[in-house]
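Asks: First the structure, which I've put down as structure tokens, then a few questions once you've had a look.
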Amino acid sequence: MKHRQQKAVLILSLAILLTSFGFAFGDMVILLKDGRTINVPVSKEDIVSLSFDQASQPSGDITWDFESGDMRGWTKTGSAFDSQPTYGDNPTARHRGQPSNHQGTYWVGGYENRHRSSDPPGRVQGDGPQGTLTSKPFTITTPVINFLIGGGCDINTERVELIVNRQVVLRATGKCTETMERVLWDVTPYVGQTAQIRLIDASGGGWGHINFDDVKFE
Ligand SMILES: [Ca+2]
């Protein structure tokens with residue numbers, strides 16, 4: 001009996017405490033690791049189930065892996081990205097000895113000119129064309145952005161950039177091989193901010209192209 005009374009007093013105290021903070025009695029209160037509490041105005045009696053949204057890819061109709069077969073959500077300047085995305089492992093189709101290591105079916109291959117499966121395998125546009133490719137703005141919601149990158153290795157002319165508040169905050173380049181490798185960016189300082197990803201191809205010389213695919217937000 002004594003225990004029951006103590007429990008009642010505890011619940012009453014908690015209710016008074018929550019009410020004093022502007023919480024309605026019965027609301028769900030989530031205690032976070034950092035000590036903050038989030039009040040959700042719903043009674044537990046009304047909750048049928050709880051789940052957590054795992055989707056972290058920013059929306060806004062931007063293709064992040066180019067599997068749509070088009071460049072939706074990206075704006076280009078110049079001619080470097082005219083025939084993108086690239087279909088299949090086109091470097092291997094021309095016996096380059098440097099497989100693209102792309103994800104899925106399509107990727108951005110700055111040297112390539114095989115946009116559709118019906119285009120001649122191995123066809124290229126070469127290093128000559130230059131230009132940029134910029135994503136629509138999106139909100140950074142995860143601490144890491146990672147992606148596949150290959151192609152040229154001079155960061156002054158061939159690179160991928162993260163732009164936050166109109167400032168370039170992170171850059172990456174390839175390793176002078178067609179084979180793409182995954183690069184991870186720690187974007188913790190920019191969570192909650194609006195960003196864009198931009199590809200730069202500012203060289204028409206040797207290795208004057210950039211390869212890119214499969215942006216993930218984790
Ligand atoms: Ca892809």
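Asks: Taking 8 Å as the Cα distance limit and 6 or more residues as the minimum spacing, I'd like the relative contact order of segment 81-169 as a percentage. Working shown, then result.
Replies: Working: 97 pairs, mean separation 20.9, N = 89.
24 percent.
Asks: Kindly provide the trypsin sites (Lys or Arg not before Pro) of segment 105-145 that DSSP labels as loop, not H, G, I, E or B, and whose Cβ sees at most 13 other Cβ atoms within 10 Å.
Replies: Details: sites: R114, R116, R123; in loops: R114, R116, R123.
Those satisfying the criteria are R116.
Asks: Please give the length that would be gained between Q57 and I30 if that part of the chain were fully extended, namely 0.36 nm times their separation in residues minus their C-alpha to C-alpha distance (nm, one decimal). Numbers along the way, then the final one.
Replies: Working: separation 27, 0.36 × 27 = 9.72 nm, distance 2.45 nm.
Roughly 7.3 nm would be gained on extension.
Asks: If R0 is 22 Å, what FRET efficiency do you get for T105 and R72 from their C-beta distance, rounded to 0.05? Mind dumping the intermediate values first?
Replies: Working: r = 15 Å, r/R0 = 0.70.
The pair T105/R72 has a calculated efficiency of 0.90.
Asks: Fully extended, how many nm does the chain gain between T139 and Q193 (0.36 nm per residue separation, minus their Cα-Cα distance)?
Replies: On the way: separation 54, 0.36 × 54 = 19.44 nm, distance 0.56 nm.
18.9 nm is the gain from fully extending T139 to Q193.
Asks: May I pose another question? In whole Å, what are the Cα extents of segment 74-217 along the three principal axes, biggest one first?
Replies: Principal-axis extents of segment 74-217 (Cα, largest first): 44, 27, 24 Å.
Each value in this text was obtained by applying a stated rule to the coordinates, not by laboratory testing. All values derive from a computational prediction rather than experimental measurement. A quick note on method: Cβ atoms are made from the backbone with ideal geometry, for glycine too, and the neighbour counts reach across all protein chains shown.
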